[in-house]
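Q: Dropping a structure here in structure tokens format, bear with me for questions.
FYI, it's all coordinate maths here, none of it is from the lab. Everything quoted here is computed from the prediction, not taken from an experiment. Cβ atoms come from the backbone with ideal geometry, glycine included; neighbour counts cover every protein chain shown.
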């Protein structure tokens with residue numbers, strides 16, 4: 001997650017290759033409330049109200065009984081247009097129920113991008129990214145779909161598949177650029193970089209570029225765009241937040257997102273409803289699914305939807321091993337998971353402190 005040039009966030013997700021633990025049992029993450037460093041989108045007065053038909057599931061209950069070890073703090077299962085399992089054990093350090101998305105937020109950036117296309121701020125997924133901030137960098141004149149699909153040709157510098165050599169600028173720098181503005185990274189770290197072959201290379205900087213390109217293209221309508229997605233479409237109840245960068249020059253927003261547990265479900269339902277509609281955003285979601293690419297065959301362990309899927313498209317994980325249904329997967333560090341079965345209209349949402357829960361049993365088998 002650091003790199004001279006873009007190392008930046010690249011490796012955040014590669015943790016899944018080696019371990020399924022985030023914070024060790026007995027410790028807690030830094031549950032910063034996003035008010036200080038967050039870009040707020042206020043909740044909707046006519047927020048979506050869930051119906052419930054609650055039951056108990058012994059597999060899920062077992063994970064909560066041992067959650068000092070498993071790390072799970074929230075579990076929601078939605079099917080038949082109702083919440084049918086709702087279990088929670090929230091750590092006292094969490095303020096107002098605000099839970100970090102970690103890399104699930106990458107998929108939310110894509111969802112915002114789809115709305116930006118549908119509102120005319122961006123022409124299509126095949127738009128050439130003509131932005132002077134990216135001049136003389138490997139991202140100059142890239143096609144949007146390649147950024148969405150994490151195939152920007154940046155593997156020499158960043159990401160899960162960075163070459164383990166002296167060319168890996170992550171090894172050459174101890175600086176963490178995770179919270180640094182894109183303007184500073186582009187002008188200081190990226191100058192003179194050249195793109196290589198287009199292969200799947202999962203990184204966080206790629207989403208950082210995508211997010212801020214959408215901000216650039218939306219211009220003065222950026223607030224309107226976010227309001228459209230989260231207030232009008234998802235109808236969240238409480239404020240939600242994208243995290244702002246804290247270092248460097250210029251205005252910049254990261255993909256890291258904060259919401260409460262039910263608002264994550266509201267957003268997931270909006271994605272599912274869009275997919276199953278004939279509207280513009282549904283067409284966008286189906287397009288990125290059609291244009292998805294094969295992942296490098298590195299993971300086959302059932303540790304999470306990041307590691308147990310064959311393909312990647314538009315910042316979402318697709319093609320879960322052993323499943324015929326179309327599953328839209330969102331995956332975040334430390335076990336944050338949203339899986340959406342668009343065929344059976346079923347959703348699982350999990351938030352966790354660290355990822356020692358049995359993903360196969362309470363996610364894979366339920367979705």
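Q: Sorting check: for 343-356, 111-124, which peptide has the highest mean count of neighbouring beta carbons within 10 Å, and how do the rest follow?
A: By packing density, highest mean first, the sequence is 343-356, 111-124.
Q: Please report how far the C-alpha centroid of the range 53-131 lies from that of the range 201-258, rounded to the nearest whole angstrom.
A: Cα centres, the range 53-131 to the range 201-258: 16 Å.
Q: Binning at 10 Å from 0, report for the range 7-364 what percent of all alpha-carbon pair distances ends up in each bin.
A: Per 10 Å bin, starting at 0, the Cα pair percentages come out as 5, 26, 37, 25, 7, 1.
Q: Want the number for residue 84 to residue 61: 0.36 nm per residue separation, take away the alpha-carbon distance, what's left?
A: Length gained between residue 84 and residue 61: 6.9 nm.
Q: A follow-up question, please. Could you sort 45-55, 326-336, 273-283 so that the peptide with the highest average Cβ count within 10 Å comes first and the rest follow in order?
A: 326-336, 273-283, 45-55
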